[in-house]
Amino acid sequence: MKKRTLGPSSVQAEPPLAPDSIPVTRFAGAVRRHLAALLVAVVAGAGLGVAKIALTPATYTAHISVLAPPVSLHPGYTPGRPLNPKEREPRDTTMDTEAQLVWSDEVLRRLATFPGFDAPRAELRDRIELSVPNATHVLMIGVRAGTPKAAQSGAQAVAEAYLDLRQQILGGIQQRNREALEKYLTLLHKQLRTLPGDDEDLTGNTARTRREEIMQQIKQVQKQISALDRKVVQPGEVLRGAALPTARDDAGRDVAVASGLGVGLLGWVAFVLLIDRRPRRIRRPADVRLHAQLPIMVESGTLGGGHREICRRLRNLVFDAEATTVLVTGVPAAAGTAVAYELAELCTEGGSATTVLRIRKDGEERDPADAARPRTFGVRLVRSDDDRQLTRAVDKAGRESRIVVITTPDINAADTISAAAASDLTLVVVERGRALDREVASGVLALDQSANPARGIVLTRQSPGTPVRRAAAPGTGSPRG
């Protein structure tokens with residue numbers, strides 16, 4: 001009969017990647033595995049945002065528009081210095097100056113007398129908003145309060161207090177400027193009278209004389225006084241009154257919901273990282289496929305007689321491949337030992353003498369299995385620290401038996417790699433509920449990098465207290481199933 005070759009493993013436990021590369025499929029797989037947790041995290045985050053909005057006290061803001069015409073804050077000269085028409089005239093009041101008037105103590109003191117504004121000065125200042133449209137002298141004053149009516153009355157109070165204060169301060173400044181100019185004009189007349197000559201003969205003097213210079217200064221001062229008289233102090237006026245607010249302030253609703261969603265997503269990411277970093281027990285085929293991309297040859301629970309039905313399929317696989325040396329390693333080790341014994345028994349029943357080579361643990365001197373019951377196959381213990389002894393034991397058992405089944409106590413041990421190199425077929429047994437995903441992943445990866453990668457995974461469950469079925473006497477067997 002022609003021997004069938006199974007060929008090398010076509011699927012690796014982990015695809016070869018660069019040290020700093022991460023496949024995108026890992027993220028997609030994480031989303032699929034934890035989709036329910038993702039939905040819960042998103043809903044919980046959105047709920048936190050909504051709760052923040054609901055628990056935040058409602059506030060209302062009323063806006064009022066006030067015109068603030070510019071007013072000169074300087075008379076245009078420095079006492080003791082002559083007037084220079086080439087000098088740049090001083091700037092009028094700026095909108096920054098007007099803002100300081102709105103936030104002044106006098107305005108805040110008057111606002112504190114209204115209902116709903118009994119608060120410290122710092123808080124009252126924070127509740128007054130100011131904005132200025134481009135290229136205008138219009139102040140947009142907004143006042144925030146707990147009720148629409150309080151916000152409206154507060155905006156009107158701030159505007160009235162600001163206009164009164166502006167009239168008082170700027171009017172006083174303009175009056176003092178006029179008095180300073182008149183005083184300076186009087187001083188110039190006194191200087192003119194002290195000069196020799198006739199006042200009627202001023203036109204005959206040259207421009208370089210002192211008399212002409214004083215006359216020019218007098219004309220400039222009189223011109224400024226006339227301009228100041230024509231410029232009436234304009235305290236400003238209300239352009240658009242404060243309307244009653246119809247809706248509460250936004251209070252960052254969009255930001256609150258977005259922040260809640262962000263917190264939920266961050267919590268989900270932390271949860272996924274925590275779950276993926278923790279070792280988990282394999283309970284379903286999806287857990288095996290996540291960490292080892294090998295075909296699952298058998299997916300079965302406990303059947304009537306231990307692993308007999310599972311091992312019947314494995315025996316057929318061994319016979320079809322005409323394998324003479326089979327490595328059966330399990331996670332945990334007891335699962336591999338049970339399947340190895342059952343497979344050896346079925347191979348013997350099928351007409352092929354079988355010997356089980358069990359690599360013993362440290363300190364183990366005898367087979368812990370029940371030796372009182374007769375076996376149809378032989379069991380030998382092999383030291384775990386001597387590869388040459390394993391090779392001699394395989395050769396000796398091969399001369400006495402048709403099939404040699406090797407079982408190891410640890411899938412991640414060096415003995416398992418040595419046994420895989422000496423075997424024709426490697427099988428991994430994973431017991432549901434007891435095997436850890438990390439052990440399976442690291443073990444399958446180590447076998448995949450050896451000379452004889454694993455051909456598949458046997459996913460099984462051992463029911464407690466169920467003994468392994470054995471034949472009644474040596475030599476008895478059943479037809480190959």
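The values are calculated or read from the model by the stated rules, or taken from the named source; none is laboratory data. Just so we're clear, the structure is a prediction, and the values are computed from it rather than from any experiment. Note that we place each Cβ from the backbone using ideal geometry, even for glycine, and neighbour counts take in every protein chain shown. Accessible surface is based on the protein model in full, side chains and every heavy atom, while ligands, DNA and RNA are left aside. Shrake-Rupley method; radii C 1.70, N 1.55, O 1.52, S 1.80 Å.
Of 117, 271, 27, 319, the order by accessible heavy-atom surface (1.4 Å probe, DNA, RNA and ligands excluded), from most exposed downward, is 27, 271, 319, 117. At a Förster radius of 56 Å, what calculated FRET efficiency corresponds to the Cβ-Cβ distance of residue 125 and residue 33, to the nearest 0.05? Given R0 = 56 Å and the Cβ-Cβ separation, E is 0.60.
Segment residue 216..residue 461, full-extension length gain: 76.8 nm, with 0.36 nm per residue of separation and the alpha-carbon distance subtracted. Taking every protein chain into account, the 1.4 Å probe leaves residue 341 with about 10 Å² of accessible area, to the nearest ten. For residue 192, the accessible area of its heavy atoms, probed at 1.4 Å with every protein chain present, is near 20 square angstrom. Report, by chain and number, residues whose modeled amide H sits under 5 Å from the one on residue 325, excluding near sequence neighbours (fewer than 5 apart, same chain). Amide H to amide H, under 5 Å and 5 or more residues apart or across chains, residue 325 pairs with 404, 424, 425. Expressed per residue, the C-alpha convex hull volume of the stretch 373-425 stands at 95 Å³.
Rounded to the nearest 0.05, the FRET efficiency derived from the C-beta distance between residue 51 and residue 316 at R0 = 51 Å is 0.25. From most to least packed by mean Cβ count within 10 Å, the peptides 42-54, 238-250 give 42-54, 238-250. Of the residues 431, 213, the one with the largest accessible area comes first in the ranking 213, 431, computed with a 1.4 Å probe on protein heavy atoms. Normalised by residue number, the volume inside the convex hull of the Cα atoms of the stretch 245-290 is 103 Å³ per residue.
Charge tally around residue 152: other residues with Cβ under 15 Å, Lys/Arg +1 each, Asp/Glu -1 each, net +2. Against the criterion of solvent-accessible heavy-atom surface with a 1.4 angstrom probe, 211, 360 sort, most first, into 360, 211. I need the calculated FRET efficiency for the pair residue 147 and residue 175, taking r as the beta carbon distance and R₀ as 35 Å, to the nearest 0.05. For residue 147 and residue 175, the calculated efficiency is 0.25.
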